[in-house]
Amino acid sequence: MSDQKILEGKVAIVTGASRGIGRAIAEEIGAQGASVVVNYFSSEDAAAEVVGGIEARGSQAFAIQADVGNFDAVQSMIKKTLDTYGQIDILVNNAGTTRDTLLLMMKEEDWDVVIDTNLKSMFNCCKAVARPMIRRKQGGRIINISSVSGLVGQGGQTNYAASKAGIIGFTKSLAKELGSRQITVNAIAPGFFPTALTEVLSQDMVDKALEFIPLSRLGELEEVAHLATFLASDKASYITGEVIRIDGGLAM
Ligand code: NAP
């Protein structure tokens, strides 16, 4: 194995990078030599810890608070990134949330928060980075985190599944728009990973899920981080508009 870092010289933004999957992706992208913008919503200390970890391994990073569902906040985050690093090569749209409940019980706010955070964020972040990426003429990588819920649906998650299915249509459409500029746009659809998002599930629900996972285990955060890092690298230059499940076979 070569020790060469595959993202040396690149600049990446990872949304929702203070915890869970986003944190693992930010750390791995940083370990591969990229400068990383660590976006967070409320976990300031955790985001600072992620930055410290990336810097300790020799890459640059800074943390920035922004609600990805807020158009103006995202514009400011992208401006700060360009002011600091002068370029953006990689955008990982990872920030996401749930407000699980049956449709009959779902409040309008449960719908709006999930759609804004998970789906409107795609519009906000991609629109803000597309122009600087195009202007730079060096291609680019956009990686959107969807979910198997967006592929197969899940009772109690009409809002979440709609947002995650929306990400898939968005990803394929944007891949067609940006392809001629060598900017690839792909989606990752994770199954079950141990994070704050899934820790609310009862052991009974996890056991039931495990029955349907051919690999008989939950995913490890490093596994999705490695996939995202591959998609972010030059090695994935001919993959675009793809939705890659990483779910131990759950939704095959
Ligand atoms: P998590 O542990 O709950 O972390 C969520 C992250 O998103 C946190 O960093 C949080 O920031 C950030 N965030 C939430 N709302 C935000 C907002 N409005 N603006 C900016 N950042 C915001 O969740 P996770 O499990 O790692 O999930 C990450 C992504 O993977 C999500 O898109 C999720 O839907 C998807 N996914 C996860 C699983 C799974 O099994 N875990 C499965 C399928 C898909 P703060 O900490 O600052 O609040």
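The values are calculated or read from the model by the stated rules, or taken from the named source; none is laboratory data. Owing to the predicted nature of the structure, the values given are computational and were not obtained by experimental measurement. In this analysis, Cβ positions are derived from the backbone assuming ideal geometry, glycine residues included, and neighbour counts consider all displayed protein chains.
Quick check on I29: is it within 14 Å of the ligand (Cβ to nearest atom), buried (at least 24 other Cβ atoms within 10 Å of the Cβ) and either in a loop (DSSP other than H, G, I, E, B) or in contact (Cβ under 8 Å) with a residue 12 or more places away in the chain (or both)?
Numbers: within 14 Å of the ligand (Cβ to nearest atom): no; buried (at least 24 other Cβ atoms within 10 Å of the Cβ): yes; either in a loop (DSSP other than H, G, I, E, B) or in contact (Cβ under 8 Å) with a residue 12 or more places away in the chain (or both): yes.
It is false that I29 is within 14 Å of the ligand (Cβ to nearest atom), buried (at least 24 other Cβ atoms within 10 Å of the Cβ) and either in a loop (DSSP other than H, G, I, E, B) or in contact (Cβ under 8 Å) with a residue 12 or more places away in the chain (or both).
Residues in the stretch 37-87 that are crowded, with 22+ Cβ neighbours inside 10 Å, in a helix (DSSP H, G or I) and not hydrophobic (A, V, I, L, M, F, W, C): T81 only. Of all residues in the stretch 171-214, those being within 12 Å of the ligand (Cβ to nearest atom) and of a type in the set (D, E) number 1. Pairs meeting the criteria (first residue in the stretch 141-163 and farther than 30 Å from R181 by Cβ, second residue more than 10 Å from the ligand (Cβ to nearest atom) and aromatic (F, W, Y), beta carbons under 7 Å, at least 6 apart or on different chains) are N159/W111.
Which residue, of A24, A47, is in contact (Cβ under 8 Å) with a residue 60 or more places away in the chain and within 12 Å of the ligand (Cβ to nearest atom)? Going through A24, A47 in turn, just one is in contact (Cβ under 8 Å) with a residue 60 or more places away in the chain and within 12 Å of the ligand (Cβ to nearest atom): A24.
When the test is whether a residue is within 14 Å of the ligand (Cβ to nearest atom), in contact (Cβ under 8 Å) with a residue 40 or more places away in the chain, touching an Asp or Glu at 6+ places or on another chain (Cβ under 7 Å) and not polar (S, T, N, Q), G69 passes it. In the stretch 138-157, how many residues are more than 10 Å from the ligand (Cβ to nearest atom) and either buried (at least 24 other Cβ atoms within 10 Å of the Cβ) or within 26 Å of H226 (Cα to Cα) (or both)? Counting residues in the stretch 138-157 that are more than 10 Å from the ligand (Cβ to nearest atom) and either buried (at least 24 other Cβ atoms within 10 Å of the Cβ) or within 26 Å of H226 (Cα to Cα) (or both) gives 9. Looking only at the stretch 202-211, residues that are surrounded by 14 or more Cβ atoms within 10 Å (Cβ to Cβ) and either modelled with pLDDT under 90 or out of contact with any Ser or Thr (no Cβ under 7 Å at 6 or more places or on another chain) (or both) come to 2 in all.
If we scan the stretch 175-183, do we find a residue that is touching a helix residue (DSSP H, G or I) at 6+ places or on another chain (Cβ under 6 Å), assigned to a loop (DSSP other than H, G, I, E, B) and modelled with pLDDT of 95 or more? Taking every residue of the stretch 175-183 in turn, none turns out to be touching a helix residue (DSSP H, G or I) at 6+ places or on another chain (Cβ under 6 Å), assigned to a loop (DSSP other than H, G, I, E, B) and modelled with pLDDT of 95 or more. Scanning the stretch 81-111 for residues that are over 26 Å from F230 (Cα atoms) and in contact (Cβ under 8 Å) with a residue 40 or more places away in the chain gives T98, R99, D100, T101, L102, L103, M106, D110, W111.
Of the residues A34, A17, the single one that is within 14 Å of the ligand (Cβ to nearest atom) and either out of contact with any strand residue (DSSP E or B) (no Cβ under 7 Å at 6 or more places or on another chain) or modelled with pLDDT of 95 or more (or both) is A17.
Does T198 fit the bill of being surrounded by 14 or more Cβ atoms within 10 Å (Cβ to Cβ), of a type outside the set (K, R) and at pLDDT below 95?
Values: surrounded by 14 or more Cβ atoms within 10 Å (Cβ to Cβ): yes; of a type outside the set (K, R): yes; at pLDDT below 95: yes.
The answer is yes for T198.
Is it the case that I168 is over 30 Å from T84 (Cβ atoms), within 14 Å of the ligand (Cβ to nearest atom), touching a residue at least 12 places away in the same chain (Cβ under 8 Å) and among the hydrophobic types (A, V, I, L, M, F, W, C)?
Working: over 30 Å from T84 (Cβ atoms): yes; within 14 Å of the ligand (Cβ to nearest atom): yes; touching a residue at least 12 places away in the same chain (Cβ under 8 Å): yes; among the hydrophobic types (A, V, I, L, M, F, W, C): yes.
In short, yes.
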